[in-house]
Structure formats: C-alpha cells, structure tokens
Amino acid sequence: MSTKIFVNLPTTDLERAKAFYSALGWEINPNFTDDNAACVVIDDDVYLMILKREYLATFTDKPISDPRTSLQVEVALSRESREDVDALVEKALAAGGTEPRDVQDYGFMYGRTFEDPDGNLFAPLYMDPVAAEKGPEAFAAEQEGATA
C-alpha cells in the first residue's frame, strides 16, 4: 500500500476554494466533501482537504494561522516539464490566484509559486531527471562535459 498525502488547508470561503481548485483541473471528491470541507484530488496519492477555518480549528488546540499573513506550509508539486509548471500557474492566475514571487530558474530546477484566494502557497516545480537522480552537482558536471 502506498502512502497517501492529505494536506489540510484553511479557507474562509469553501465554494470559492472549490471553484478555484476545479479551475486548476483538480477533481473535488464528493464522497469527502460537505458544508465544512472539500477533498481536492491532485492525483492518486496527493489530496488537499480544504477546510473552513472554524472546522479546521476542531482538529487542534493551536491557533489557525492566516495564510495571507503567515506561512504554515508551502505545498511543492513536481511537474513533468517547465511548460507544465507555467500552465498550472497560468490556470491559477486565471482562476483568481496570485503569483507572489518571480520565477526561480536554477538551470537544473525551474519553479514558480502561486497563492490561492485564501493565501495558501503552492510551488510547482520541474527538476531535470539527471539532477533529481544524481544531484545538482552531477547535473552541472554533465552540462559542462556536454559543452566542452
């Protein structure tokens, strides 16, 4: 059995959040969605649980941070290519998200960030398969060897 990841994120407007994530092409699982929460299926092993702030507060004694003013978690998502990174961010922007940082291009790794309308932060990224397997230094050495 593989490990499944459920990232719980707060929202102040559940319907707006469901519309936003649906616009990214992610599915809302109706079996785990009600008036307090929505289960967003990113893929077979990664899910977002978008919870009304008041409901999320029932799971902890800690205060629920406001993602507009403080960072609790940044959800990094690997993509198949730079173009896939750009496409996801463009969908997020068209659906009402924002892009709080400039593009991060390190050669071996390319990433962008977006925030949903509640301020929850996402970081889609593409990493060259050689760099992912062997590390950035090995990738750099192979690139230098290819240009020599």
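Given bins 5 angstrom wide, list per bin the percent of all Cα-Cα distances in segment 1-58, short to long.
Once binned at 5 Å, the Cα pair distances of segment 1-58 give 4, 21, 32, 25, 12, 5, 1.
So what's the Cα pair-distance distribution over segment 1-100, bin width 10 Å, in %?
The calculated distribution, bin by bin, is 14, 45, 35, 6, 0.
Using label points projected 7 Å from each Cα along Cα→Cβ, tell me how many nm separate V7 and A141, to one decimal.
Each label point lies 7 Å from its Cα, and together they span 3.3 nm.
Hey, what angle do you get for helix 82-94 against the long axis of the chain, alpha-carbon based, 0 to 90 degrees rounded to 10?
The answer is roughly 30 degrees.
Mind checking which of L77, L51, L121 has the largest fluctuation in a GNM of the chain, springs on alpha carbons under 10 Å?
Comparing L77, L51, L121 in the GNM, the peak value goes to L77.
Angle, helix 14-23 long axis vs. longest principal axis of the chain, Cα atoms, 0 to 90°, nearest 10?
30
Which value, in nm² and rounded to one decimal, describes the direction-averaged projected area of the C-alpha convex hull of segment 80-135?
Values: hull surface 15.3 nm².
That works out to 3.8 nm².
Please give the helix 136-147 orientation as an angle from the longest Cα principal axis of the chain, in degrees from 0 to 90, rounded to the nearest 10.
The helix 136-147 is inclined about 40 degrees to the chain.
Amide H neighbours of V46 under 5 Å, counting only residues 5+ apart in sequence or on other chains, H built in-plane at 1.01 Å?
HN-HN under 5 Å from V46: I5.
At a Cα cut-off below 22 Å, give the lysines reachable from K91, other chains included and same-chain residues fewer than 8 away excluded.
Result set, ordered by chain and number: K18.
Can you give me the pair-distance distribution of segment 45-94, C-alpha pairs, 5 Å bins, whole percents?
Distribution as computed: 4, 13, 18, 21, 18, 12, 9, 4, 0 percent.
Just for the Cα atoms in segment 43-148, what are the lengths along the principal axes, largest first, rounded to whole Å?
Projected onto its principal axes, the Cα set of segment 43-148 covers 59, 30, 28 Å.
Give the calculated FRET efficiency between R16 and R101 to the nearest 0.05, with a Förster radius of 22 Å applied to their Cβ-Cβ distance.
Details: r = 23 Å, r/R0 = 1.04.
Efficiency for this residue pair is about 0.45.
Less than 14 Å Cβ to Cβ from D34, Lys/Arg counted +1 and Asp/Glu -1: what total charge do the surrounding residues give?
Details: positive: K18, K52; negative: E15, D35, E54.
Charge balance in the 14 Å sphere: -1.
Under 5 Å between amide hydrogens, which residues at least 5 positions from N8 or on another chain qualify, with H placed 1.01 Å from N in the peptide plane?
M49
Please tell me which of these pairs span more than 32 angstrom C-alpha to C-alpha: K4/K62; K62/K134; K52/K134? If you can, show how the numbers build up before the last one.
Working: K4/K62 24 Å; K62/K134 40 Å; K52/K134 41 Å.
As for pairs spanning more than 32 Å Cα to Cα, those are K62/K134; K52/K134.
All of the numbers you see were taken from the coordinates with simple rules; none came from a lab. For clarity, every value in this text was computed on a predicted model and none was experimentally measured. Positions of Cβ are backbone-derived with ideal geometry, glycine not excepted, and every protein chain shown enters the neighbour counts.
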